[in-house]
Number of protein chains: 2
Amino acid sequence: MSFKRSDCPITNVLDTLGDKWTLLVIRDLVLGKRRYQEFLSSPERIASNILADRLAKLEAAGLVTRRAYQQNPARHEYLLTKKGRGLEPVLEAIIVWGKKHYPGTKRFPTVRQGFGAIKP
Amino acid sequence: MSFKRSDCPITNVLDTLGDKWTLLVIRDLVLGKRRYQEFLSSPERIASNILADRLAKLEAAGLVTRRAYQQNPARHEYLLTKKGRGLEPVLEAIIVWGKKHYPGTKRFPTVRQGFGAIKP
DNA sequence: CTAGTCACTTGCGAAATGCAAGTTACTAGA
DNA sequence: TCTAGTAACTTGCATTTCGCAAGTGACTAG
C-alpha cells in the first residue's frame with residue numbers, strides 16, 4: 001500500500017481492517033479456525049469470493065500465513081502470525097463494548113482442533 | 001436494525017462501526033471536535049455526504065447527540081454520548097497496535113475548544 | 001464411473017463510495 | 001443595498017466494492 005490517508009494509526013488500521021468481514025475472519029482465527037470451509041461455516045455466512053479476497057489481503061499484510069497441511073490432495077490452512085495475534089486486545093475491547101450494548105450477544109467459544117491438523 | 005447476522009458481539013459492532021469512516025468520526029469526537037467543518041477539515045478528507053450519513057447513523061445508534069449551540073444562524077454541534085465515550089478503550093487498543101505496526105504514525109492531539117462552544 | 005469434498009474463481013446486478021456542485025440561511029463589510 | 005463569505009448539509013452521477021450464485025480443477029472414496 002503506497003498512498004496513506006494520514007499518519008493517524010487508527011486510519012492506517014482501518015485501511016486494512018475497516019470493513020464488515022476482515023475482523024470476523026480474524027475472530028475465527030483467534031477462536032482456532034484454520035480452514036477455508038471452517039470460515040465459510042461461520043454463522044455470518046461470508047461469501048466465498050469475499051473470504052478468498054480477505055485471506056489474500058491478510059496474508060499480504062502479514063497478519064496470516066497460509067500453508068499446506070497435506071499433499072494429494074493439497075489442503076491448506078491459515079494461521080495468525082504474531083502480528084495478527086497482537087490484535088487480540090482490540091477484539092477484546094470490542095467484545096466488552098459489544099456485549100454491553102447489544103443485549104443477547106455472547107462471546108463465541110473456541111473451536112476444538114480435529115486430528116488432521118498440525119500443531120503450531 | 002432488525003436483521004442480525006449473528007449473536008456475536010464483534011459482528012454487531014462491525015455492523016455499525018465496520019467501515020473506513022465511522023471510527024474516524026468517533027476519533028475526532030474523542031479528540032474534541034464538535035462541528036461539521038471540523039470533521040471535514042481532518043486530514044483524511046471525508047466527503048461531505050459520507051460525513052452527513054455517518055453522523056446521522058451515529059445519532060440513530062445513540063452514540064452521538066446533535067444540538068444547536070446557537071440560533072440565528074442555527075449552528076449545530078455533535079457530542080459523544082456516554083455510550084459513544086465507551087468506545088475509547090477500543091480506539092486505545094487500535095492506537096497501540098497501529099503505532100506498533102505502522103511506523104511513523106502518531107496519536108493525534110486533542111483539539112482546543114474555541115470560545116463559542118458550550119461546555120458539556 | 002459416479003458422487004463428493006476442498007479451495008477457490010467468475011459473472012453480474014445491487015449497493016456503497018467519492019467527487020463536484022448546488023442549496024438554504026444567515027452575517028459582515030463596502 | 002449589494003456582494004462575499006460561512007455553516008451545514010443535499011443532489012447527481014461515475015466509479016468501486018459487495019454479495020449471491022454458479023462454475024472449475026484436483027483429488028478420493030465407493
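May I ask you to verify whether A:Thr110 is outside any strand (DSSP E or B) and of a type in the set (Ser, Thr, Tyr)?
Yes.
Collect the residues in the stretch A:55-72 that are part of a helix (DSSP H, G or I), under 18 Å from A:Gln37 (Cα atoms), free of Cβ contacts under 8 Å to residues at least 24 places away in the same chain and among the aliphatic types (A, V, I, L, M), keeping them in residue-number order.
Result: A:Ala56, single match.
Which number in (1) surrounded by 15 or more Cβ atoms within 10 Å (Cβ to Cβ); (2) more than 25 Å from A:Gly98 (Cα to Cα); (3) among the aliphatic types (A, V, I, L, M) marks the one condition that B:Ala68 misses?
Of (1) surrounded by 15 or more Cβ atoms within 10 Å (Cβ to Cβ); (2) more than 25 Å from A:Gly98 (Cα to Cα); (3) among the aliphatic types (A, V, I, L, M), only one is false for B:Ala68: (1).
Considering each residue of the stretch A:101-114, count those that are farther than 25 Å from A:Arg34 by Cβ and more than 7 Å from chain B (Cβ to nearest Cβ), and give that number.
1
Out of the residues in the stretch B:42-52 that are exposed (fewer than 14 other Cβ atoms within 10 Å of the Cβ) and more than 14 Å from every other protein chain (Cβ to nearest Cβ), which is farthest from DNA strand C (Cβ to nearest atom)?
Per the criteria, the residue is B:Ala52.
Looking at the stretch B:61-70, is at least one residue under 21 Å from A:Leu87 (Cα atoms) and more than 9 Å from chain A (Cβ to nearest Cβ)?
No - not one qualifying residue is present in the stretch B:61-70.
Looking at the structure I just gave you, is A:Asp7 at pLDDT below 95 and under 28 Å from B:Arg27 (Cα atoms)?
So A:Asp7 fits the description; yes.
Kindly indicate whether any position in the stretch B:70-79 is modelled with pLDDT under 95, touching a Phe, Trp or Tyr at 6+ places or on another chain (Cβ under 9 Å), farther than 20 Å from B:Asp19 by Cβ and within 16 Å of DNA strand C (Cβ to nearest atom).
yes
Listed residues A:Thr11, A:Thr105, A:Thr81; which is away from DNA strand D (no atom under 12 Å from the Cβ) and more than 25 Å from B:Gly104 (Cβ to Cβ)?
From the options A:Thr11, A:Thr105, A:Thr81, the qualifying one is A:Thr105.
Which residues, counting only those in the stretch B:9-43, are among the basic types (Lys, Arg) and under 16 Å from A:Cys8 (Cα atoms)?
B:Lys20, B:Arg27, B:Lys33
The values are calculated or read from the model by the stated rules, or taken from the named source; none is laboratory data. These figures come from a predicted structure and were not determined experimentally. Heads up, the Cβs are rebuilt from the backbone with ideal geometry, glycines too, and the neighbour counts pull from every protein chain shown.
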